[in-house]
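Taking it in order: structure first as C-alpha cells, then the write-up.
The values are calculated or read from the model by the stated rules, or taken from the named source; none is laboratory data. This one's a predicted model, so the numbers in the text were calculated from it and none came from an experiment. Here the Cβ positions follow ideal geometry from the backbone for every residue, glycine too, while neighbour counts run over all protein chains shown. Side chains are part of the model used for accessible areas, which takes the heavy atoms of the whole protein and leaves out ligands, DNA and RNA. Shrake-Rupley method; radii C 1.70, N 1.55, O 1.52, S 1.80 Å.
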Amino acid sequence: MLRFRAFFLILGICTTQAVQAQTFTISGYVKDAETGEALIGAAIAVSGTPPRGTATNVYGYYAFNLPPGEYELLVSYLGYEQFKQKLRVTAAQKVNVNLSPARQQLKEVVVTGEAEDQRLRQSQMGVEKMNIATVNKLPILFGERDVLKSMQLLPGVKAGGEGQSGFSVRGGNLDQNLILLDDAPVYNASHLLGFFSTFNSDAIKDLTLHKGTAPANFGGRLASVVDVRMKEGNNQKYNVSGGLGLIASRLNVEGPIQEGRSSFLLSGRRTYADVFLRLNDEFANNQLYFYDFNAKLNYRLTEKDHIYLSGYFGRDVFSFNNQFGINWGNATGTLRYTRLISDKLFLNSSLIYSNYDYNIGFSTSALNFNIKSGIEDWNIKQELQYFASNSQQWKFGYNVIYHTVTPGLVNAQNTDIRSLQKRGLESAAYVSHDWKPNERFSITSGLRISHFAALGGSDYYTLDANRTVIDTFNPAGIAAQYAFLEPRIAVNYNLTATSSLKTAYTRNTQHIHLVSNAIASTPTDRWLMTTNNVAPEIGDQVSIGYFRNFKENTYEFSVETYYKWMQNQLDYKDGANDQATVIDPELLFGDGRAYGLEWLFRKNKGRFTGWLSYTLSRSERRIEGINQGQWYAARQDRTHDIAVVALYEFTERFNVSAAWVYQTGNAVTFPAGKYNIADQVVWLYTERNGYRMPAYHRLDLGATYQLKPKRKYSSELAFSLYNAYGRQNPFLINFQQSATNPNRTVAVQTALFRWVPAVSWNFKF
Amino acid sequence: MKRILISILLLGSLTACEKEIDIDLNSADPKLVIEALLDDSGRGAWVKLTKTVNFSDTFGPPIQSGAIVVLIRLADNRRDTLQQLPDSAYILPNYVPVYGEQYAFEITHQGDFYRATARMPQPIPIDSVVIDPFFGPGGLPGNPADPANRRNALLYAFYQDPPGVRNYFQIQAFQNDTATANLFLYNDEVNTGGFQVSPVFVQTYINGRIRLELHHIDAAVFRYLTNLNTNIGQSSASPANPISNFSGGALGYFKLFANTSAFLQLVEPTTP
C-alpha cells in the first residue's frame, strides 16, 4: 500500500514536471512608444484560469511561462494607454511592447490593470513610488521642482528642516538614507545648504523609496533606500526642453544617436541667486551659485546586450571677496552592461564611481591655504535575475565598494592628508527570492551577507574607558573588520480582491556615518567610516500593514505600523568639539528605538487627486554618558506629522495644487539656567533634547497654465507661493541678553521664508 | 565654519526675520560656579565663587562669601589660604607657581567640598606677530574699500611648539588693557612640535595698543574652554555644560597656565 502511494507521489511529481516542460517563456521589453524609455514596474497580465501576471524589472524587462494555447496579453502602466494583444503560444516568444502615453487623462480613459493596485499586490511594504508628473505639479520653494522635497509629503518621511532636501525616514538619522542615482551613492544630495536637491527633475525617470524594508539587493543604510533612475534619452526623436525660473534655469536635450538603437540625454541647470546678491554693493565681489549636469548614453549592442553610461556632476560655488572661497559637489558615474543570457536569465553588471568633496580656499596678504576633503567610492555590482517560473523569481548578486574618506580639516600648515585619509572595503553578497505560492500569498525573502574592513595605511586610535586617545597606530593590513548576516522577509496576504495584509522583517547594517546634528546640511559635514572605535550600526525593523483600495482603485488607503531597534547609534558627547581633528573621542554609542503608525489615504483618478498622510511616531536614543544614560528624544523625533496634498485640473491646460504640512517641532536642548564666567553668560543645561521647537506648519499653493501649443512646440507657466499664510516657522532659536534690559535673558527665533512667490516658464520642442 | 555659512545664508535670504518668543523653561537648583586662575605673571591666585540662576531671573549673581579657599603645592604639601576682598574674589597676591609642579585648589563652601588639581605648564614665548588688515565683522576677509573693515584685523601669532608632548594654547587679546570677549584656542594635534601660526581676530581697534597673551594650558582646561566657547556661542550640536576639573558637582574651572605676551601698536591702514 505504502509503495503504491509512493508510486503515485512520484508519478505526481513527474506529471508536474511534464506539464512544466510543456510551457514556453514569453518575454520582452516594455517601453514608451514616443521616447523609447524603458518602463519600470509595468504590469503584464494574461487572461485565462488562473490569470497570470508579472511586472517589468528596472530595465523594462519581463518574463513568464505559459502552456501552449490562446491568450490575451494585457500590458498596463499608470498614465499610459493599455496594450492588448492576442497571443498564440506554440513556442517561446519575444513580445516587445510599446505603450503610448494616455493623451486625454481628463476624459474617462479606463486605465485598468495591475499597475494601479501595485501597492496592494506586491509583497514589499514600506515602499513609495514618486510619480514625476505629480512632482511637477506640486508647489515648491523658489519654484524648483524637486523629487526629494516632494517625497517629504509621504507618510514616515520627515523634512530635515525648513526648505531642506535632507530627510528622516521612520525616525532614522539623515545619514541613514542610501540615495542612489543609477546605482551610484550620492553622499550630499543637496545644493545651497540643502535648499535644493541634487536631482534635476528633468533628467529623472523614476524614484522608489524603501522605508527600511528594502529587499536583500539593497543594503548599507538603516533607515531607507532612495533608488533614483535617470531617463535613458529619447531614442525616437530629438527633444529639447527647459525652463526659466527666478532662481535657476534648466535645459534638457535628448535624442537618438541611431534611431531605435541608441540615445543620449544631456541635462543642465544653473542658479543665478548671486546676480541679485551683486546688486547690493556690499556683496559685489561675492559668488554664490550652483550648477549641475546629468548625462546618459545608452546603446543596444544586440537584441540581448545593452550598454549604458550615465553620469552626474554638480558643484556649489561660494566665494567672498575673492579671499575666502568654498566649493563642493558630487560626481557620479555608472557604466552598466546588461545581457539577456537566456529568456529567463538577466545579467546586470555595473562599475560605479561616486565622489563627494569640498574645497576651502583662504587667501589674505599674510596667509594662504587650501583644503580638500571628501569621500570617494569605487564600486562593482553584479546581479543575476532568474525568472524561474511564473511564481518564482530569484536574484543573486554581489557588491564591493572601496571607500576613501578624507576628513575635513580647517587647518593650514603642513597637514599630511594621506596619513589621515581612511580607506575601507565594504562587500556584500545576497540572494533574494520572490515567490507566489498561490493567488493569495506573495513572499519576498532574502539574505544579505555584509562585510566591512577598515584598511590600514592611516592612523587609528586606541581609546581608554573615558574615550581619551592613549595610542595611535598605523596598521599595514586590516585595522578592524566586521561581518553580518542580514535576513529579510516580506509577506503579502490578499484578504479580498481589494484588500491585503502585509508584514515584514528586515535587518540592515551601516558602516558609513555622518557626524552632524546641524540644523542645515552643510558642505563640511563629516563622513566617518566604521573603525575599531566606531562600531557598525545595526537596525532591525518589523512592520505590519493593511492596504485597501476602493471604487476600482480610485481611492487607496493604507495603514502601516513599525518598530525598529537600533544598535551602535552614534551621537556627540556633551559639549563635543565637532571641529576636532580626531573625532573618535567626541562620539558616544548606544541604542536607538523608533516606532510609529502611518496612515495614507489617496485619490488617484479624476480631476481631483491628492492624498492625506498622517504619521504618529517616536524616535529615541539611550547612550551611556548622555542624559544620565536615560532614553532621550532623537533630534528628528516628531510626534505628529500631517501632509495634505490636493491637485485639481480645471481644464486640460490649467491645473492648481496645494500642499499643507503640520509637524511637531524638533526635539532640542534648551538651557534651564545661566551663570557668569569671565563676564560672559554661560548656559546651564539639565537634559539632552528635553524641549521642542514650536510646531511647524505651512501652506504652499501652485498653478500650472499651459500656453497654447504650436505644432512642434509647447510651453507652460508655473506659479507657486511658498508659505502662503506667512507663518514664521523658527529655523533657529537663540538665547541672548535683552537689548533693553541687559540683565534679562530672552529667546529669539529666526524664521527663514515667508511668502516666497515664484514663477517659471517651461518649454518643450 | 557652519555658523559662517548659516549667517551668510541668512544675509542672502531677504525674507529671514527675527523675533522674540516666549519659551517656558524649567528651573534648576542653584549650583556653585568656581573660577580659579593662577599663572606665572606675579598676579597671584584669584578665585571667584558665584551661583547659577534660573533662566528667567535677572542677572546680578550674588558673590558667594564665607568659603574656605586653599591653594596646595602638592610637591611639599604647602597650603596657602586665600583672602576674600569685600564682596568680591578670593586672592593670594604675588604667588608664583613653579613650572612642571602640581597644584590643587580645595574649596569648602556651605558644607560642601570641591577640589581640582593641575600641573603648571612650561612658558612658550611668542616669536612674532603678523598683522593682516581689512576684515569684515564676522572675521572673514572684508572689502578694503569699506571703511568699516579698516579697523578690524587678523593677527597671526607665531610660536614654537615643544616637541614630544601634546600642547594646548589659548590666546587672549587685550585692547588698551581690556580683554576681548573672543576665546582663541589652539592645539598641536596637526603640527606637533612645529612652528605654530595661530590667528586672532581683533575688532574695531582705534589706533590702539594691543597685547596678546599666549596661555600654555593643560588638556582639561583646553577642553573646558572649547566647550565654554560653544556653550556661549550656542553653536554646539550637543549643547551641554563644560566639564569642570573640580570635583563635587561644581561648575567652572581651575586654570593654571604659563603666560607670555607680545605688544603691538595698531595704526588704521590706508585703503590700498
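Just the residues that are in a strand (DSSP E or B) and at the interface with chain B (Cβ under 10 Å from one of its Cβ atoms), please, taken from the stretch A:677-704. If the condition is that a residue be in a strand (DSSP E or B) and at the interface with chain B (Cβ under 10 Å from one of its Cβ atoms), then A:I677, A:Q680, A:V681, A:V682, A:W683, A:L684, A:Y691, A:R692 are the ones that fit. Looking only at the stretch B:162-169, decide whether some residue is touching a residue at least 40 places away in the same chain (Cβ under 8 Å) and assigned to a strand (DSSP E or B). The answer is yes, given that some residue of the stretch B:162-169 is touching a residue at least 40 places away in the same chain (Cβ under 8 Å) and assigned to a strand (DSSP E or B).
Quick one: which residue in A:G596, A:G575, A:G625, A:G592 is open to solvent by 40 Å² or more (accessible area, probe 1.4 Å) and either at pLDDT below 95 or assigned to a strand (DSSP E or B) (or both)?
Values: A:G596 fails: open to solvent by 40 Å² or more (accessible area, probe 1.4 Å); A:G575 fails: open to solvent by 40 Å² or more (accessible area, probe 1.4 Å); A:G592 fails: open to solvent by 40 Å² or more (accessible area, probe 1.4 Å).
Unique residue meeting the criteria: A:G625.
Within the stretch B:221-244, is there a residue that is part of a strand (DSSP E or B) and not assigned by TED's automatic domain parsing to the domain that holds B:A104? No, every residue in the stretch B:221-244 fails to be part of a strand (DSSP E or B) and not assigned by TED's automatic domain parsing to the domain that holds B:A104.
Give the residues of the stretch A:720-737 that are over 15 Å from A:W683 (Cα atoms) and either open to solvent by less than 50 Å² (accessible area, probe 1.4 Å) or in contact (Cβ under 8 Å) with a residue 60 or more places away in the chain (or both), sorted by residue number.
If we filter the stretch A:720-737 for residues that are over 15 Å from A:W683 (Cα atoms), which is where we start, we get A:720-732.
Within the stretch A:720-737, A:S720, A:L721, A:Y722, A:N723, A:A724, A:G726, A:Q728, A:N729, A:P730, A:F731, A:L732 meet the criteria.
Condition check ((1) polar (S, T, N, Q); (2) in the same structural domain as B:L154 (by TED's automatic domain parsing); (3) surrounded by fewer than 12 Cβ atoms within 10 Å (Cβ to Cβ); (4) in a loop (DSSP other than H, G, I, E, B)) across all residues:
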{"residue": "B:S88", "(1), (2), (3), (4)": "yes, no, yes, yes"}
{"residue": "B:I91", "(1), (2), (3), (4)": "no, no, no, no"}
{"residue": "B:N94", "(1), (2), (3), (4)": "yes, no, yes, yes"}
{"residue": "B:P97", "(1), (2), (3), (4)": "no, no, no, yes"}
{"residue": "B:G100", "(1), (2), (3), (4)": "no, no, yes, yes"}
{"residue": "B:A104", "(1), (2), (3), (4)": "no, no, no, no"}
{"residue": "B:I107", "(1), (2), (3), (4)": "no, no, no, no"}
{"residue": "B:R115", "(1), (2), (3), (4)": "no, no, no, no"}
{"residue": "B:V130", "(1), (2), (3), (4)": "no, yes, no, no"}
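Within the stretch A:738-752, at least one residue is under 30 Å from A:G243 (Cα atoms) and facing chain B (nearest Cβ under 9 Å). For the stretch A:188-218, a residue qualifies if it is farther than 16 Å from A:V127 by Cβ, within 13 Å of the chain's Cα centre (by Cα) and crowded, with 24+ Cβ neighbours inside 10 Å, and the qualifying residues are A:N188, A:A189, A:S190, A:S197, A:T198, A:F199. Checked across the stretch A:663-674, the condition of being touching a Lys or Arg at 6+ places or on another chain (Cβ under 8 Å), more than 14 Å from chain B (Cβ to nearest Cβ) and in contact (Cβ under 8 Å) with a residue 60 or more places away in the chain holds for at least one residue. Considering the stretch B:170-196, and only residues there that are without any contact (Cβ under 8 Å) to a residue 24 or more places away in the chain, assigned to a strand (DSSP E or B) and within 11 Å of chain A (Cβ to nearest Cβ), the residue that is most open to solvent (accessible area, probe 1.4 Å) turns out to be B:T178. Annotation: of all residues in the stretch A:134-163 being without any contact (Cβ under 8 Å) to a residue 60 or more places away in the chain and assigned to a helix (DSSP H, G or I), the one that is least open to solvent (accessible area, probe 1.4 Å) is A:S150. Per the listing A:V559, A:V582, the residue uniquely more than 14 Å from chain B (Cβ to nearest Cβ) and surrounded by fewer than 22 Cβ atoms within 10 Å (Cβ to Cβ) is A:V559. Of the residues A:W378, A:W394, the single one that is of a type in the set (A, V, I, L, M, F, W, C), farther than 29 Å from A:G233 by Cβ and open to solvent by 20 Å² or more (accessible area, probe 1.4 Å) is A:W394.
Go through A:Q736, A:Q728 for me and flag whichever is out of contact with any Leu (no Cβ under 6 Å at 6 or more places or on another chain), not acidic (D, E) and not in a strand (DSSP E or B). Spell out how you get there, then give the answer.
Details: A:Q736 fails: not in a strand (DSSP E or B).
Only one candidate passes the filter, namely A:Q728.
Kindly evaluate A:R221 against the criterion of being charged (D, E, K, R), buried (at least 24 other Cβ atoms within 10 Å of the Cβ) and within 12 Å of the chain's Cα centre (by Cα). Spell out how you get there, then give the answer.
On the way: charged (D, E, K, R): yes; buried (at least 24 other Cβ atoms within 10 Å of the Cβ): yes; within 12 Å of the chain's Cα centre (by Cα): yes.
Yes.
Is there a residue being of a type outside the set (V, I, T) and more than 14 Å from chain A (Cβ to nearest Cβ) anywhere in the stretch B:232-242? Spell out how you get there, then give the answer.
Narrowing the stretch B:232-242 to residues of a type outside the set (V, I, T): B:233-242.
Okay, now just the ones that are also more than 14 Å from chain A (Cβ to nearest Cβ), so none.
Checking the stretch B:232-242: not a single residue is of a type outside the set (V, I, T) and more than 14 Å from chain A (Cβ to nearest Cβ).
When the residues of the stretch A:628-666 are filtered to those that are over 24 Å from the mean Cα position of the chain (by Cα) and over 23 Å from A:Y722 (Cα atoms), the one that is most open to solvent (accessible area, probe 1.4 Å) is A:Q628.
Tallying residues that are of a type in the set (S, T, N, Q), touching a Phe, Trp or Tyr at 6+ places or on another chain (Cβ under 6 Å) and either surrounded by fewer than 16 Cβ atoms within 10 Å (Cβ to Cβ) or within 21 Å of B:P93 (Cβ to Cβ) (or both) within the stretch B:33-76 yields 0. Number of residues in the stretch A:739-758 that are open to solvent by 60 Å² or more (accessible area, probe 1.4 Å) and part of a strand (DSSP E or B) equals 1. Scanning the stretch B:32-67 for residues that are at pLDDT 80 or above, at the interface with another protein chain (Cβ under 7 Å from one of its Cβ atoms) and not in a strand (DSSP E or B) returns B:T52, B:F55. Among the criteria (1) under 21 Å from A:G673 (Cα atoms); (2) facing chain A (nearest Cβ under 8 Å); (3) surrounded by fewer than 16 Cβ atoms within 10 Å (Cβ to Cβ), the one B:L25 does not fulfil is (3).
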